[in-house]
Every structure is written in structure tokens, then in C-alpha cells.
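Encoded as C-alpha cells, the structure appears first; notes follow it.
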Amino acid sequence: MAEGRGSRNLKIRFREGGKHWTDAVPIGNGRLGAMVCGHVHSETIHLNEDTLWTGTPADYTNSKAPPALSHVRNLVHRQHYPQATAASSALTGNPSEAYLLLGDIQLDFDYSHLTPGLQQPYERELDLDTATVKVRYSVGDVQFTREHFASYPDQLIVTQISSSKPAKLSFTVSLLSKIINQTYVNAPNQIIMKGSCPGKRIQHNPHGIQFSAILDLKIGGTDGVIHILDNNKLKVEASDWAVLLLVASSSFSGPFTAPSDSKKDPTSQCFTTLSSISNVSYSHLYARHLNDYQGLFHRVSLQLMRSTRPNISEDRSLELKRLTSSVAHSSLVDSTVTQASTSDRVKSFQTDEDPSLVELLFQYGRYLLISSSRPGTQVANLQGIWNKDLEPVWDGAPHLNINLEMNYWPALPCNLSECQEPLFDYISLLSVNGSKTAHVNYQANGWVAHSKSDIWARTSAGQGDVVWALWPMGGAWLCTHLWEHYAYTMDEDFLKYKAYPLMEGCVSFLLSWLIEDSEGYLETNPSTSPEHYFIAPNGEPACVSQSSTMDVAIINEVFSTFLSAAEVIGRTKDNIVGEVRKAQPRLRPINIAQDGSIMEWVKDFKDPEVHHRHLSHLFGLFPGHTITFKETPALIEAAEKSLYKRGEEGPGWSTTWKTACWARLQNSSNAYKMIKHLINLVDPDHERPFQGGLYSNLFAAHPPFQIDANFGFAAAVAEMLVQSTLSDLFLLPALPWEKWPNGSLKGLKARGGTTVNIYWREGDLQEVGIWSEDQTRTTLRKRIHYRGTMVTADLVSGLFYKFNGQLKCLNTCSLSEMPCSSYLV
């Protein structure tokens, strides 16, 4: 799909170079990342490689934990919650490791670039359609252009710099890093950097992961020359253009191999990569990049528009006569708006509520997932892959009590299932260490993971406050993603060979972890509601009790999906399946508090922070499926009261979680209110903790920057537009009609292996396209819902079905015959 067809100008724009790191724009290929600042006279390109972490493999077991666990359980049983909280610190361990940076490409241009007033006009943009950053400016009568992209097929970062007149490009380039390194010129056109990550979280211990980066430089023009400076810089003079190729690699060989035992030579790997593209032109590198990236990005388009009605009381015929001119005027206004800097657009959103900015932010979430998580890479961490610090906030680590899961919420509905592969690889690694943690620490079967991990697949409770560290449900939450992958793709081989064994190990742990209480319930003990304290009956703060609502909701979800998986693959007679069937009814039910909200803990404790950022007790509503309109109407009402009680304030990820919850409740007004709450510009010089918002590059703010909200936003908007079960499809269930009365979407995925296109106009559904490419079943029966209307359709795999606004099937055709001129395509 060409740019502008089905989606508008998807560009993040700047009118000046970046002052802060969050003014830079990100590119990435899943493994390598870069932040482009766009300064005129001195450009810095911040670099990352996703395997650069502190540390080495570790032992995540604690032989002293079992007696400590017994003591904590006894205190909880006696309802001595503050004492149990204090005693639980014996179950925590050492700190996790930290994600690091790679370094910087430093470009210093000649003195003409310093002349005041000559560097105009200036523009910098990230084009989501091409995953390319462009910087354009003029110095006198010479226009300079820089282009940057990160190639997945060729595994490198590419920069092209050109001038509009011959022999006008002169600059010095160097490679720098805050990590201990050796940098030198290897050839007239290459700089090599070799370094070592700390084996422990101190800089003078260099016995960690080894890494190398090579910057290869090519120039053009009859007068161009390259000089070597100080054996660590290259100086270009009088060239027409230059192309910089950055490759990087590390010795990381997996979480179970010590860096000292690794057989990988990162420098050799870098040279191999460069050798593979030695005869490939810039245009061919760019073409291969576009073919790869757009094959993913172009699967989904979204267009949201204001009303085109000049007057809502006019009759239909007059409205139709004016529609063409109204749309033309709307397009002109949209074009003007999208040419403004993105920070100005964010600033004005509270008054203009520009729908195209919502489109941009939705597609940005998809762009960031493509750029930070691809087959063969590490999982997208707390900052995706982009980091500038040796000690990033919260270590830049995967956090399993919401953040890592939210990173992958958009993968399935937003048609990027391949981008989820690193998550499944990571779960497999966690299951290895997690089985040791479960066996030694808890004398339990199966495998477990807690709230925070790292590249070494840490699974034990980390060092820190019990309120966040002691939460052994991280692995269980991750396992819900395994079933969801099957639900969206209907890939039975994945379910049978990848998902089910991991789910079985998780379920085995959960069955071991549950203990019977005096009332006959199977309880989790100890239990916390992530990062949230309560006031114990004696008036003291505590966080440890039994069977928090989140624990029960996650276990219920895992048990249900495990039973469904066993049914699909024919394993219903397994002993563990029978154990789950017996255990599930004995889980404590979700209760409603005196104020009508969902009870967060086992008792209706006093909540010292009713506006807490986490929505842990609403897991069953979203992303879970145990609180539903049909099965639990009382809990639906209680969940709504819980959201009102939590309020609107909170960091970016909390805001997008609330957006998704309101969408699941089909409350379009409140879902939109949370969107509006998120789209506020954050000033890095005056940011407030937990305020949320967006930076000028549309990175989401906690503050500081956390990428999960960017992903959560895309998932929440998708939830507003399409909801599904294996047998049901809900169209536009939480669309704010008064805000987006016109629009279309193409390519969103629904459970049951279906893809959906929708077109609506002036608040009315016009047409729907649905198809399935499930090769395992010939026909899929789907109940299609829209505004109280429901029809049942038998969808034959490989056929495209077109329905009108009344859900009447208009026609069918093969997928190869889908009309390309249709707005649905």
C-alpha cells in the first residue's frame, strides 16, 4: 500500500535538533538501535545492541528459602500481615543486572555549519511508512540531507549524507562509548571499537560480555578524500556524499554460557556482516530494508476522521452533495496540521483533538515493536532497545508484573505475530532457570518466574522491597501469551510443541504453590498485589497476605487456557489435566468490596493509595477474560467502579491499561478520555513522577521514558475497534463516535484466525470485510456483533466476505480476487 492510501502522513516532525535524548528519534532492526538527534553542526547518533548487559550467568536458588517460606506462611495464616511482610524479605535475593548502551557515532561538520542564520530551513522527520529518519537543512545555497535506517535483512545501521553541490561535504567521524573500550582506525575507511561489559555492576570489572562495532565509511565525488586523525577518527573533505555502515556484535551465547566460555568472536562476526554486503549499493540496501519492513508495517492501516457534515440537521441528499467538497477541505486541513512539528501537535491536542495524531501514535506503537523485537533478537525491554545510560532507571530490565506483557499486547491484534517470537524464546529460557528456583526455593514442581528479570533469565525474587520483588506470578502471566498466540493464529503445531510444554510446567508449579486454607480454598501464600500496600487490621502498612485478586485471576486464566489447550491437542486424559479440573473450582472467588469495587486483597483492607497506578485486581477484565458481560455481570459493574475509584492520573503505561479496560467495558467515552489524558507534552526539564504524557518524539513517559505505554496505546486502540473470542467478533465496540465519526481500518486480527477490515461514515457502519486463512479448518463459525445486532456466519478459509452495515453478507470472493480498489483493502 503506497503512502497516503488507507493512512495519512505518518511522520514525526521536528523543526530543530534535539536538546534532550527524548528529542531524538529511534530506528532499530530488533537487535541494533539508534537515536538520531539531528543537530546541524555536530550530530550524535546514540547506539544500542540488545545483548549488552552487565553480569554473567547466576544461580537463582536459595536453599535457605524453604524454612523462611514456612515461617511467612504461618504468619499469614495467623493474620499477622505486617510481620509476614517483614519476614518475606528473607525470600528476596540479589539485584538483577542492567541493560547497557553501545556507544555513539559522533559527526562534526565543517565551520560553515556554525555560521549563524545559515542553517535554514531545517527539518527532521521519522517516516513510519519507510522506517527512515531524514534531516534536511541548508548552509548558504547548499542543501544537505542525511538519511538513517536500521536494516533487519542486512543487520546494520545505515547513514547516507549528501550535499546538493559537488565537493561541499566535509566532516569528522568517530566512535565513542562510556563503556571501557579500545577504538582505532583499521583501514583508511574503517573505525573499530572493542569493549567489555562489566561482569559485575561495577565499571572496573571488565570480565563480562565482549563486544565489537565497526564503522565503515564510503564517499563519492572526484575531489573527496579521507584522512586519518589520531588513529581513532576519520576526516572527510570535499566529498559529494558519504555512506556510513555500522555493524556490531557481542560474545553473548545465551543466558547459560559464561562470557569467558563463549566461542563467539564479535569482531570476526562484524567483518562477516560487512563482507556480505561489500558489493551492495546504498539503493539496494535501502530497497531490501523497505521490502522487509513494509511487509510487516503495511499489514494494518487506520484512518480516523472528524465529521464531514456541514450541519447535522441537513437532509441526507444535501449531505451527500457536499461530501466531496467537505472531504477535500478536511484533507487540506489535515495536510496543514501534519506539517506542524509533532510537539506542537501534542500541545494542541487538548483543544483540537486531531484524530490523525491518534493514528500516528497507534502506528508508532507498531513501528516500535517492529524495530525492537524481531525473530532471533532479545525481548523488548523496559526501553525497547534504546538506552543512553550505564545505570538506566529500573535497570532497563524486563518487568513481569505488567511491563513486559504490555510490550507484546499489540503483537497479535495489530498483525505482528512474528514480533512475538523473542517473547516465546524468553519464556523457554525462564522455564529452565525457573524450574531450579521452584525446586530449591519453594520445594515445588514446574517452573516459576518473579517480577523482574534480565538477559540471564533471572527467575528468583530480586533484591528490593517485598511489595514488588516477591511476586511469583510472572511466569504464569507470560504463559497467557502462549494461548493467545494460538487463539489468534490457530497454529496447532505451535500449541502442541511450544506452548503446551511451557504451560504444563507453569501449571505444575501453580498446583504445587497452592495450599489449602481453613475454609477449604486453595490459596496462594504469600501473596502480594504488585507494588501496592494495604493497611492491616492493626493499622500498620503491609503487603503480604494470601490470594490477592491478581494471583487468583491469573491462575484461573492459566488453568482455563491449559484445559482448552489440552482439548485442542488431545491431551485431556493427562493426569495434570485432571488435577487442574479438581483444583480450579477450589480457587477463592473474586469478591466485591463494601464500596462496590473489586476487592484487591483477600480481605477488604483499607487502601492507603486508592489512585495507585497498578490495576492488578482488574487482570480478569483486561488482559484476562474471566470478567465478562455474559458470565459475570456483577463483576463487570464492580470493575467499572474500580476504574472510577483508581482515577485518571498515573504514568503512561497505567493510562493505556485504563484505556484498554474501559474499551473492554465498551465505554467509549472513558476510553477516549484516557487517550486524551495521555496526549500531553512532557518537558524533560520539568517532569513530575507518575504524571504520564508524551515526549516530543512520542516516547511515552512514566516519567522517565518507558516504552510499554507506546505498545499499550496501540493495543488499547485496537481493543476499541475490534474485540473477539474464538467464536465471537465485536465490531467497533468502544468507538467514540462523536470524536471519530468517520474512519476505516484494514488488517486488524481477531481470535479464531480472522482478519478484519471496517469502514464507517458519520456514525454508521458501512461495510465490513472478514476473512480467515486458517489451514487447519475448512470452515469457521463466527458470531458477528454490532450495536445489539448479531449474525452467525460460516467463514470458509481462503474466502473474503463483505458485509454491509446491517451485517448482511453482500458477496464473497477468493482472497486473490479481493478488489484492490475497495477502501477495505
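See the values below:
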read-out: Per-residue ³J(HN,Hα) for the stretch 273-278, Karplus 6.51 cos²θ - 1.76 cosθ + 1.60, θ = phi - 60°, Hz, x for Gly and Pro; value: 5, 5, 5, 5, 10, 4
read-out: Accessible surface of the chain, 1.4 Å probe, proportion on carbon and sulfur as whole %; value: 50
read-out: Separation between Cα centres of the stretch 122-148 and the stretch 577-631, rounded to whole Å; value: 51
read-out: Full-stretch length increase - Lys496, Lys200 - with 0.36 nm per residue and alpha-carbon distance subtracted; value: 102.6 nm
read-out: Fully extended contour minus Cα-Cα distance, from Ser512 to Glu817, at 0.36 nm per residue; value: 104.4 nm
read-out: Cross-link pairs beyond the 32 Å C-alpha cut-off, checked among Lys11/Lys452; Lys134/Lys452; Lys64/Lys264; Lys11/Lys218; Lys200/Lys606; Lys218/Lys347; value: Lys11/Lys452; Lys134/Lys452; Lys64/Lys264; Lys200/Lys606; Lys218/Lys347
read-out: 3J(HN,Hα) from dihedral phi, the stretch 650-664, Karplus parametrisation 6.51/-1.76/1.60, rounded to Hz, x for glycine, proline; value: x, x, x, 5, 5, 4, 6, 5, 4, 4, 5, 5, 5, 5, 4
read-out: Cut-off of 10 Å, at most 13 other beta carbons, DSSP loop: longest stretch of the chain lacking such chymotrypsin sites (Phe, Trp or Tyr not before Pro); value: 257-628
read-out: Tally of Lys pairs whose C-alpha atoms are under 27 Å apart, taken over the stretch 646-790, 8 or more apart or cross-chain; value: 14
read-out: Alpha-carbon centroid distance for the pair the stretch 247-275 / the stretch 486-528, whole angstrom; value: 36
read-out: Efficiency of FRET from Cβ geometry, Thr628 and His77, R₀ 41 Å, rounded to 0.05; value: 0.80
read-out: Sparse-neighbour loop sites [trypsin sites (Lys or Arg not before Pro); the stretch 702-803; at most 15 other C-beta within 10 Å; DSSP]; value: Arg777, Arg787
read-out: ³J(HN,Hα) computed for each position of the stretch 90-102 - Karplus, 6.51 cos²θ - 1.76 cosθ + 1.60, integer Hz, glycine/proline x; value: 5, 8, 8, x, 8, x, 6, 8, 10, 7, 10, 9, 9
read-out: Candidate values (i) 64, 41, 22; (ii) 43, 36, 24; (iii) 39, 32, 26, label of the one derived for semi-axes √(5λ) of the Cα gyration tensor in Å; value: (ii)
read-out: In the stretch 43-104, trypsin sites (Lys or Arg not before Pro) in a DSSP loop with at most 13 other beta-carbon atoms within 10 Å; value: Lys64, Arg78
read-out: Residues Asp574 and Ser70, FRET efficiency given R0 of 30 Å [Cβ-Cβ distance, rounded to 0.05]; value: 0.50
read-out: Separation of the Ala90 and Ser268 label points, Cα + 7 Å toward Cβ, nm; value: 5.0
read-out: Of the trypsin sites (Lys or Arg not before Pro) in the stretch 524-599, those whose Cβ has at most 12 other Cβ within 10 Å and which sit in DSSP loop; value: Lys573
read-out: Cα→Cβ-extended label distance, 7 Å offset, between Glu237 and Thr792, nm; value: 8.2
read-out: Residues in the stretch 230-246 reached by a label modelled at Asp141 [backbone nitrogen below 11 Å; 7 Å Cα→Cβ]; value: none
read-out: Förster-model FRET efficiency, 56 Å R0, Lys436 and Asp683, C-beta, rounded to 0.05; value: 0.75
read-out: Asp230 versus Ser564: modelled label distance in nm, points set 7 Å from Cα along the beta carbon direction; value: 6.0
read-out: Solvent-accessible surface ranking, highest first, for Glu405, Glu637 at 1.4 angstrom; value: Glu637, Glu405
read-out: Probe 1.4 Å, protein heavy atoms only - accessible area per residue of the chain in square angstrom; value: 36
read-out: Hits among aspartates and glutamates - C-alpha to C-alpha of Lys436 under 12 Å, sequence gap 8 or more where chains match; value: Asp59
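The values are calculated or read from the model by the stated rules, or taken from the named source; none is laboratory data. These numbers were taken from a predicted model, which means no experiment stands behind them. Neighbour counts are summed over all protein chains in view; Cβ atoms, including those assigned to glycine, are modelled from backbone coordinates with ideal geometry. Calculation scope for accessible area: heavy atoms of the full protein, side chains included, ligands and nucleic acids excluded. Shrake-Rupley method; radii C 1.70, N 1.55, O 1.52, S 1.80 Å.
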